[in-house]
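Take a look at the structure below.
The values are calculated or read from the model by the stated rules, or taken from the named source; none is laboratory data. It should be emphasised that the depicted structure is a prediction, and the values quoted were computed from it without experimental measurement. Don't worry about glycine lacking a Cβ; one is built from the backbone with ideal geometry, like all the others, and counts go over all protein chains shown. Just the protein is used for accessible areas: all its heavy atoms, side chains included, with ligands, DNA and RNA removed. Shrake-Rupley method; radii C 1.70, N 1.55, O 1.52, S 1.80 Å.
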Amino acid sequence: MNGDFAKSTIGFKLYYFGFIIAGMLFFAFLIPDFPLERFREVLLFVGLIVVADTAQISLPRGGASIYASSPFDLAGIILLGAPAMVVVEALASFLTEVFLQRRPAIKFAFNVPLLIVTVGLAGMAYHAFPDEWTSLDSPRFLLPLMVCSIVYYLVNTIAISIVIGLQSGKSPLQTWIHNYMWTSVHIFAFLPIGAILALVYTYAGPWTTVLFLVPIFLARYSFKLYIEMKEAHINTVAALTSAIDANDPFTHGHSYRVSRYALRIGRAMRLSARDLEILEYGALLHDIGKIAIQHDILMKKGKLSDQEFMTLKQHPVVGAEIVENLKFLGEAAQLVRYHHEQPNGKGYPDGLKGDEIPIGARIVLVVDAFDAMTSDRPYRKGLEVERVMEQFEKFKGEQFDLDVANLLLDLVRRGEFPLIVETDPTTAIYESLRERL
């Protein structure tokens, strides 16, 4: 980090040190209201947060993490207030960063003020509500707690996104969307835990807070198993896609490019996150059935005989049978089976027409053809994009789905559909799939 920091831009350094100074000033602003009579409770929460932070969950995207101490932060804000919690986080984060995680000084010098600002602003947001709204005697306190959680989440993730963006030269907004927006589900899952913790603390006594460490560590273990399972899924898909490339070196990288093009179309069509995931899996594996086709047919440079073409036309069926045997890929099997079906009913293997063809398969058909026409082959050079567009204009509504083809044409005309040139498709596939964790 020290070497990277020395090479960083002036803008990054100004923000970094400016935030540290702002955090120190904010701490000085709140500390006069520190409740000395509750110092023992402060020490209790310091201990709880230090222990909970050992259950930190490292997420697969962009170095993001979920800290299991978040419920204790929220409960502490309700019970002790912002001035007490900035002291709690100052002590807890210092102990965690220096003695447990052994981070370099330049890192914990930023992280400690970051957590001070996070809990301080979140605490101020909670206690800005009237007393009757923050009292635990009524479920109305959940509304201020929701506002508090939103502030807690946004302050922390936006501040880090700006750091990452300035250091990497990327847009902080895009960094936040890519690395952190999806973690909101996990963060807000801690809200009811924090609320229950505060209620039990108030009505059953401080000792009960220790009991909450057990389910938090169990939740961390369960989430860790989930991440490992998803990693196994990624490795499986990446290995299958590599097998496709190895089986037909003339189309090396084709599956990766088709998946990227399909996602562009899918996002432009505003498909759901789940549908995009299925679309990506189906696009990556659309040609998996070709591993069962004779090599001399795949490698043949001239025109296939009728018998050879009949054999080749079986690859969607074979591919679907392979994919549907993997439970997590089951929904992608339809895309694999029907990616050669055409709106006019002249496709294969089942001769489906129009809306009978799943939307994902219609997308894959279009982008599969787009990549096939624009890519070089041993027997020909790839066509110019203008020539390819002429083909889509000519055959849309017949060979290609009208809506998908029109969307592709529109994106190309607007300059939003550049050709993909990858150097290592296997690595690119692995990295792109990790974005879905």
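Quick notes on this one:
For every residue, the table says whether it meets (1) on the phi > 0 side of the Ramachandran plot; (2) in a helix (DSSP H, G or I); (3) touching a residue at least 40 places away in the same chain (Cβ under 8 Å).
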| position | (1), (2), (3) |
| --- | --- |
| F5 | no, yes, yes |
| F12 | no, yes, yes |
| A22 | no, yes, yes |
| F27 | no, yes, yes |
| L30 | no, yes, yes |
| F39 | no, yes, no |
| L44 | no, yes, yes |
| I49 | no, yes, yes |
| A55 | no, no, yes |
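- Taking the listed residues D371, D355, D296, the one that is over 25 Å from A232 (Cα atoms), in contact with a helix residue (DSSP H, G or I) (Cβ under 6 Å, 6 or more places away or on another chain) and part of a helix (DSSP H, G or I) is D371, with no other qualifying.
- Qualifying residue in the range 110-120 (condition: open to solvent by 50 Å² or more (accessible area, probe 1.4 Å) and either on the phi < 0 side of the Ramachandran plot or of a type outside the set (K, R) (or both)): no
- For the residues I291, I265, the requirement of being open to solvent by 60 Å² or more (accessible area, probe 1.4 Å) and β-branched (V, I, T) singles out I291.
- The single condition from (1) open to solvent by 10 Å² or more (accessible area, probe 1.4 Å); (2) among the hydroxyl-bearing types (S, T, Y); (3) in contact with a helix residue (DSSP H, G or I) (Cβ under 9 Å, 6 or more places away or on another chain) that S161 fails is (1).
- Residues in the range 68-82 that are in a helix (DSSP H, G or I) and either β-branched (V, I, T) or over 26 Å from the mean Cα position of the chain (by Cα) (or both) were compared, and the one that is surrounded by the fewest Cβ atoms within 10 Å (Cβ to Cβ) is L79.
- Restricting the range 245-259 to residues that are closer than 24 Å to P418 by Cα and modelled with pLDDT under 80, the residue that is most open to solvent (accessible area, probe 1.4 Å): H252
- Residue check for V155: free of Cβ contacts under 8 Å to residues at least 60 places away in the same chain, within 19 Å of D53 (Cβ to Cβ) and either open to solvent by 60 Å² or more (accessible area, probe 1.4 Å) or of a type outside the set (S, T, Y) (or both): yes
- Hits in the range 270-321 (condition: in contact (Cβ under 8 Å) with a residue 40 or more places away in the chain, of a type in the set (A, V, I, L, M, F, W, C) and closer than 21 Å to A246 by Cα): A283, L284, L285, I288, I291, L298, M299
- Top-ranked residue of the range 363-376 - restricted to ones that are without any contact (Cβ under 8 Å) to a residue 60 or more places away in the chain and out of contact with any strand residue (DSSP E or B) (no Cβ under 8 Å at 6 or more places or on another chain), ranked as nearest to H339 (Cα to Cα): M373
- One residue alone among L409, L402 is more than 28 Å from the chain's Cα centre (by Cα), at pLDDT 90 or above, open to solvent by less than 20 Å² (accessible area, probe 1.4 Å) and more than 22 Å from Y281 (Cβ to Cβ), and that residue is L409.
- The range 83-96 residues that are crowded, with 24+ Cβ neighbours inside 10 Å, paired with ones that are among the charged types (D, E, K, R) and modelled with pLDDT under 95 (beta carbon under 6 Å, 6 or more apart): T96/D53
- L74 vs. criteria in contact with a Ser or Thr (Cβ under 8 Å, 6 or more places away or on another chain) and not aromatic (F, W, Y): yes
- Top-ranked residue of the range 302-360 - restricted to ones that are under 33 Å from the mean Cα position of the chain (by Cα), within 22 Å of G397 (Cβ to Cβ) and of a type in the set (D, E), ranked as most open to solvent (accessible area, probe 1.4 Å): D355
- Out of Y281, Y348, one residue alone is of a type in the set (S, T, Y) and either under 21 Å from F400 (Cβ atoms) or touching a His at 6+ places or on another chain (Cβ under 8 Å) (or both). It is Y348.
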